[in-house]
Amino acid sequence: MGDMRRIAVVVLLVGLHMAVLCGGPSQVHGEESGIITGTWVANGRATNMVLGEERTASLVQLAGHVNLKEPVIGSTDFWGKCIGLADSETGGDVRCVWRSLDGFEIYLLLDTEPLEEGNRVTGEIIGGSEKAKGITGTIEFVWSSLIFQSMDNITTIGGYAREMSGSYVLPAQEQ
């Protein structure tokens with residue numbers, strides 16, 4: 001019995017030592033999925049270049065508040081920043097980052113019809129940082145304009161997303 005006790009103590013000590021060296025026991029959080037609905041109000045500017053009489057290309061920068069009805073990874077409020085290229089004839093190709101108040105980010109690719117009042121925007125969630133790492137999903141909304149003012153090829157843009165909907169999946173993560 002004495003040898004068995006010594007072996008048990010050695011195994012326990014080795015296990016504790018390994019736990020300390022490896023950072024303790026890991027926690028695995030299960031897969032999370034959900035829907036995306038809410039509002040997104042943004043403003044910014046577009047630097048425009050005329051491509052003939054009927055067509056314009058624009059470098060677009062927008063930023064604003066994203067407020068979701070249901071939490072995504074525990075957060076309902078994000079600050080969204082976007083940059084992209086818009087063409088008045090073919091639409092836009094936009095990249096966005098939603099940053100939560102906790103500091104994690106969600107990355108989106110958006111495709112738009114020409115960015116005008118009432119046009120549909122569709123997108124894909126392509127990943128995230130920290131606890132949003134690996135997130136994927138889809139999003140779509142209708143863009144509604146609030147303000148358009150142009151001066152010297154610079155346009156001030158204000159607008160909001162209405163009928164925002166989508167879904168996401170976050171794979172199980174070890175933390």
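In terms of the Cα gyration tensor, with a ≥ b ≥ c the square roots of its eigenvalues, is segment 85-127 rounded because a/c is under 1.5, prolate because a/b exceeds b/c, or oblate? Spell out each step's value before the answer.
Values: a/c = 3.00, a/b = 2.51, b/c = 1.19.
Prolate.
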>> Can you tally the net charge around Ile73? Count Lys and Arg as +1, Asp and Glu as -1, for every other residue whose Cβ sits under 14 Å from the Cβ of Ile73.
In response: -4
> Among Leu68, Gly44, Cys82, whose Cα lies farthest out toward the positive end of the dipole of segment 36-96, if unit charges sit on the beta carbon of Lys, Arg (+1) and Asp, Glu (-1)?
Replying inline: Leu68
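With a 1.4 Å probe and every protein chain left in place, work out the accessible area per residue of segment 97-175 in Å², rounded to a whole number.
Numbers: 4160 Å² over 79 residues.
Ligands and nucleic acids excluded, the figure is 53 Å² per residue.
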> When the accessible area of segment 55-126 is computed with all protein chains present and a 1.4 Å probe, what percentage of it is carbon and sulfur?
Replying inline: 52
> How far, in nm, would the chain grow between Ile35 and Thr76 when pulled straight, counting 0.36 nm per residue and subtracting the alpha carbon separation?
Replying inline: 13.6 nm
> Which one of Ala132, Tyr160, Val142 has its Cα pushed farthest toward the positive end of the charge dipole of segment 100-175, where Lys and Arg give +1 and Asp and Glu give -1 at the Cβ?
Replying inline: Ala132
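The values are calculated or read from the model by the stated rules, or taken from the named source; none is laboratory data. Bear in mind the structure is a predicted one, so any value in this text is a computation, not a measurement. Neighbour counts run over all protein chains shown; Cβ positions are idealised from the backbone, glycine included. Quick note on the areas: whole protein, heavy atoms, side chains included, nothing else; ligands and nucleic acids left out. Shrake-Rupley method; radii C 1.70, N 1.55, O 1.52, S 1.80 Å.
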